[in-house]
Each structure stands twice: as C-alpha cells, then as structure tokens.
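Throughout, read-outs are computed from the coordinates displayed, never taken from laboratory work. Because the structure is predicted, anything quoted here is derived from the model rather than measured. Here the Cβ positions follow ideal geometry from the backbone for every residue, glycine too, while neighbour counts run over all protein chains shown.
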Amino acid sequence: MNVRHVAIIMDGNGRWAKAQGKVRTEGHFKGVEVLHDIAIAANDLGIEVLTLYAFSTENWKRSADEVGYLMKLPAYFFSRFLKELMEKNIRITMIGEMEQIPIDTQKVLQSAIDQTKNNTGMVLNFAMNYGSQREIVLGIRKYTEEVLSKKRENNLEVGEFDQYLMTSEFPPLDLMIRTSGECRISNFLLWQLAYSELEFVDIPWPEFTKETLATCLEQFKKRDRRFGGVKS
Ligand code: FPP
C-alpha cells in the first residue's frame with residue numbers, strides 16, 4: 001500500500017525544552033533540525049507530499065516573543081537548507097493565509113516557493129497561518145461566488161469540494177501523525193482527514209527521528225483501509 005500524502009502535527013517542542021531546562025524557543029529551534037531530517041527521509045521514502053503544521057491560526061495567541069521567534073524560523077530554515085532541497089528536487093508550497101504573516105517572512109516563504117516551483121520531486125507543504133475551519137469557510141465562499149456569478153449550478157457533490165480547498169492540487173491524505181501524546185486534531189485538515197489513518201506517537205517532535213517515521217509507515221501499511229466498504 002503506497003503512502004502518497006503524509007501530514008504531521010509537530011507538537012511538544014515547548015514541553016521538550018522545559019524538560020531539558022531550556023526556554024520554549026529552544027524546542028522550536030531543535031524542531032527545525034528535525035523538520036529538515038524528516039523532510040529528507042520522507043523524500044527518500046518516496047512520499048509525494050509531506051504537509052507540516054508549522055503555525056496555526058490559533059498560534060497568534062502565544063506571547064509576542066514566541067510568535068516573533070516562530071516567524072523567523074522560515075528564514076533560518078531556508079538559509080540553511082534551501083540549497084539541499086533544490087538538489088533533492090523538492091518543491092516548497094504553503095497552505096494558509098499569507099496576508100497576516102509579517103512581510104519579511106512572507107518574502108522568505110514566497111522566494112522558496114518561487115525558486116522551487118519547477119522541482120518535480122516531493123512537495124514539502126507548510127501549513128502556516130493555517131486553520132482548517134477557516135479553509136472550509138473560504139472554500140464555501142469561493143463556491144458561493146461561482147454559483148452567484150452563474151459560473152456553475154448549485155449542485156455541489158462531496159467529491160468536488162476538495163477543489164475548493166487549499167490542498168486541491170495534492171493527492172488524498174493517507175496518514176496524519178501527531179507527536180507528543182496529544183490525541184487531538186487541533187483544526188488541522190478536517191475535511192481531508194475523513195478517511196486518513198491516524199498515528200499518535202508519545203514522543204515530542206524534537207525527539208522524532210526517521211526511524212519513528214519508518215515505524216509510523218509500517219503501522220500504516222498494516223491498516224486495513226476499507227473507506228467505509230467491506231473487505232473484498
Ligand atoms: C508545537 O509545539 C509546535 C509549533 C507551534 C511550531 C512548530 C514549528 C516548527 C517545528 C518549525 C517551523 C519551521 C518552518 C521552517 C516553518 P508546542 O510549542 O505547542 O509544544 P508544547 O505543546 O510542548 O508547548
């Protein structure tokens with residue numbers, strides 16, 4: 001069974017840092033390194049799309065210092081790893097809303113997206129300023145505009161709604177992994193998760209390794225995916 005699209009909620013950076021006697025941001029710093037290692041491992045494993053929850057629409061509630069720090073991470077990440085991502089033919093994409101993101105971070109993200117746009121290997125898709133409920137509402141608005149402007153009939157079917165979402169260009173989501181033991185979805189890919197397999201692992205993101213990823217994929221392969229049907 002092929003795994004085409006994997007999504008990860010990279011949780012537990014703050015708790016990991018605290019447990020080490022460090023400040024929360026050091027957890028995020030370590031998290032960037034892990035993000036790089038897992039992106040490379042996922043690419044080597046032939047995953048087509050890796051979607052990572054980097055900043056949610058709810059994360060703005062954190063302290064200004066922490067938000068400021070998180071917003072600087074893309075610049076750090078791409079200055080360190082963009083060359084390698086290019087060599088590996090990885091394409092950077094983003095889901096979420098650019099507008100509220102600080103302008104310098106927008107420029108960094110857009111530049112990585114533009115520079116890698118012709119790459120044909122794995123898609124490394126960052127969910128930044130992303131919230132799934134908002135994504136669905138924006139999709140409904142887009143659909144409604146098409147109906148009101150008579151571009152289409154008001155006859156939307158379930159299978160068509162994907163095209164109104166931010167993930168419209170990607171294959172269906174096969175597997176969602178959340179680290180650090182929390183068993184929640186936290187407003188991540190709600191529509192896309194309808195028939196995905198879920199893996200909740202007990203270790204914090206800074207301790208997640210390519211071996212952990214391989215174990216999650218093994219678990220996935222053992223699952224009997226019936227999509228609501230009966231096994232043939
Ligand atoms: C959740 O841990 C993690 C985040 C909110 C940020 C995750 C972001 C990265 C790992 C790097 C992003 C990098 C780029 C290049 C966009 P938490 O702080 O909620 O941990 P806690 O639950 O232990 O407090």
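General observations
- Under the combined filter of DSSP loop state and at most 14 neighbouring Cβ atoms within 10 Å, region 67-144 retains these GluC sites (Glu not before Pro): Glu99.
- Selected from Thr93, Thr209, Thr167 as most flexible by GNM, with the chain as the system and alpha-carbon contacts under 10 Å: Thr209
- Calculated mean residue ellipticity, 222 nm, the chain: -13500 deg cm²/dmol, from DSSP H runs (n ≥ 4) at -39500 (n - 2.57) each, averaged per residue and rounded to 500.
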